[in-house]
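These notes concern the structure reproduced below.
Each reported figure results from applying straightforward, stated rules to the coordinates on display, with no laboratory input. As the structure is a computational prediction, the values presented were derived from the model and not from experiment. Using ideal geometry, Cβ is built from the backbone for each residue, glycine included, and neighbour counts are taken over all protein chains shown.
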């Protein structure tokens, strides 16, 4: 590889890390809102009939995070495939995927509930990434074109199952929820213990596969200028595809949009796309925005992008810490309102998240203040960890964090 190619590769990886860092920072807004906002557990912030524009977009912008993170995970795996043998890559993805699932059930569930008895176990984005990595570990041995076909088939076709779900009397069982539907589906796993399926994995696996295939544009086969043009065209095309698909209003999302009392709220209904599971419309607009961002970040390097790059290079470390920090702040605020530990424990009988009570909380402005505080606290920790990883590349276990 030439010196120019090496430089291009370094710059290319930086743009991926910067975008990953941006979505990690945005993601924290939604989790702070979940724990701090007074209306978090009372209504859907995307409910057109009750929401406000600020609340709507506070939630809607965070829709960008999960699909971008899954897509970039696939892209990064493709870049790893250029440095590893097929056996090495498959082995790594298997172990990495199992580790992520363990962390989801063990560390993330605890961070979200603060319940050491694990009465509720949560399957969300880290679980979906983990199982998708395991599947991709096997599929990565297949030819590129075959993998691309599988990814397109899943992403373009999985909403056809919505028609079955719309049939009168249809009831989704465990496996259906696990594979496709899983919109906060609750299933008992033991006496006094349940599991919540928030992220059915098949659509997310399809998206990761497409991210993997998209990685070909980040190889030395393409110059920075070529790649930027390709990314720009892909991003605009996906957003255009979303507009046409959503306008037709027949396929691609289980919840069609509808005219509202004003043009603006009709626009909000148009934008309200389905995340659980991720619809074709949802993935199209969010990944379109993400790819456009990659196009712009290709040529931008400054202090701001360097800061986001820190979060992007330590994304998993950041993800775990931010949940514990947000919930700790929630606990402090809970006691500051005069509640006792006994009240917190008793509340678990009706609500699974310790130190949270429905209807109690703070304004959206206060949510944003707490969000800024959390990002400010996490940055020096992530910067230290990034430096530690860079200085200790020989430590194999760091590749799992």
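For this structure, a couple of remarks:
- Pairwise centroid distance, computed over Cα atoms, of segment 36-64 with segment 334-401, Å: 20
- In plain terms, the residue of 298, 394, 165 with the fewest other Cβ atoms within 10 Å comes first and the most crowded comes last, giving 394, 165, 298.
- Added length on full extension, which subtracts the Cα-Cα distance from 0.36 nm per residue, residue 388 to residue 82: 107.7 nm
- Fraction of antiparallel bridges per DSSP, segment 3-400 only, in percent to nearest 5: 50
- Exposure proxy order (Cβ contacts within 10 Å, fewest to most) of 197, 101, 209: 101, 197, 209
- Remark: spin-label model distance residue 358-residue 152 equals 4.6 nm, labels positioned 7 Å along the Cα→Cβ axis.
- The calculated FRET efficiency for residue 194 paired with residue 346, based on their beta-carbon distance and R0 = 25 Å, is about 0.85.
- Taking Rg and Dmax of the Cα atoms in Å as calculated from this structure, the corresponding entry among [x] 32.4, 113; [y] 21.1, 74; [z] 21.2, 65 is [z].
- Pairwise label distance in nanometres, residue 261 with residue 302, each label 7 Å out on the Cα-Cβ vector: 4.1
- Per residue, the chain reaches -21000 deg cm²/dmol at 222 nm when only DSSP H runs of four or more residues are counted, each adding -39500 (n - 2.57).
- Listed from fewest to most Cβ neighbours within 10 Å, the set 147, 373, 156, 136 follows the order 373, 156, 147, 136.
- Taking every C-alpha pair closer than 8 Å and separated by at least 6 residues, the mean separation divided by the residue count of the chain gives a relative contact order of 28 percent.
- A Gaussian network model of the chain, with springs between Cα atoms under 10 Å, assigns the largest mean-square fluctuation among 48, 22, 289 to 48.
- Where labels lie 7 Å past Cα in the beta-carbon direction, separation of residue 399 and residue 43 in nm: 5.0
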